[in-house]
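Working notes for the structure below.
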Amino acid sequence: MGSSRNTLPAEIVKGIVGHIGLNARVTSWEDEKEIHVDVWGDDVALLIGKGGKTLEALQELVSAMVAGKTGERRRVQVDVEKYRERKRRRLAEKGREAAEKCVRTGMPVSMEPMSSAERKMVHDALKDDGRVITRSSGEGMERHVVIYPSEE
């Protein structure tokens, strides 16, 4: 994380958190894919919002600001108190439950509409389950994952 370019997302988040008046600790780290910014503290749930919508908006804002300042498009992932990890686990579990129902009944199972990031979490959770195949279906806000029995 040595270069200042990689600490820029954390500095932007610290500034936003400070303007809101929240008492929070902001840390950052990076891997080969993206720069991660983690926020911890009191009342930081405000940054998550209903269904993670505020967190998604914050992440988009930080990404746009980083791109504007550096001229380069680097993926930035902002998380608040491991919200994204908890959400990924919940969606993976829902996906596994739907897959079990699909296998048990032999019929396709449709999940509730979700964002593209949420659908990807479900697809990823079930990609190694040879008993089922997942596909996204529907348009716009109604787009959802459908789990089908594998032909094998």
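The values are calculated or read from the model by the stated rules, or taken from the named source; none is laboratory data. These numbers were taken from a predicted model, which means no experiment stands behind them. Neighbour counts run over all protein chains shown; Cβ positions are idealised from the backbone, glycine included.
Taking region 4-37 on its own, how many of its residues are touching a residue at least 40 places away in the same chain (Cβ under 8 Å) and either hydroxyl-bearing (Ser, Thr, Tyr) or farther than 17 Å from residue 65 by Cα (or both)?
Total meeting the criteria: 1.
Pick from region 125-142 the residues that are within 19 Å of the chain's Cα centre (by Cα) and surrounded by fewer than 13 Cβ atoms within 10 Å (Cβ to Cβ): which of them is farthest from residue 92 (Cα to Cα)?
140
Across region 61-76, what is the total count of residues that are more than 20 Å from residue 39 (Cβ to Cβ), under 20 Å from the mean Cα position of the chain (by Cα) and in a helix (DSSP H, G or I)?
Total satisfying the criteria: 1.
Out of curiosity, is residue 56 in contact with a Ser or Thr (Cβ under 9 Å, 6 or more places away or on another chain), at pLDDT below 95 and closer than 20 Å to residue 122 by Cβ?
When the stated conditions are applied, residue 56 passes them.
Determine, yes or no, whether residue 138 is among the small types (Gly, Ala, Ser) and on the phi < 0 side of the Ramachandran plot.
No, not satisfied.
For region 34-72, which residues satisfy the criterion of being charged (D, E, K, R) and either farther than 17 Å from residue 85 by Cα or in contact with a Leu (Cβ under 8 Å, 6 or more places away or on another chain) (or both)?
42, 43, 60, 69, 72
Give the residue that is nearest to residue 13 (Cα to Cα), with candidates limited to residues of region 77-100 that are in contact (Cβ under 8 Å) with a residue 12 or more places away in the chain and over 16 Å from the mean Cα position of the chain (by Cα).
Top of the filtered list is 96.
Find the residue count for region 124-152, including only residues that are farther than 18 Å from residue 107 by Cα and either of a type in the set (Phe, Trp, Tyr) or part of a helix (DSSP H, G or I) (or both).
5
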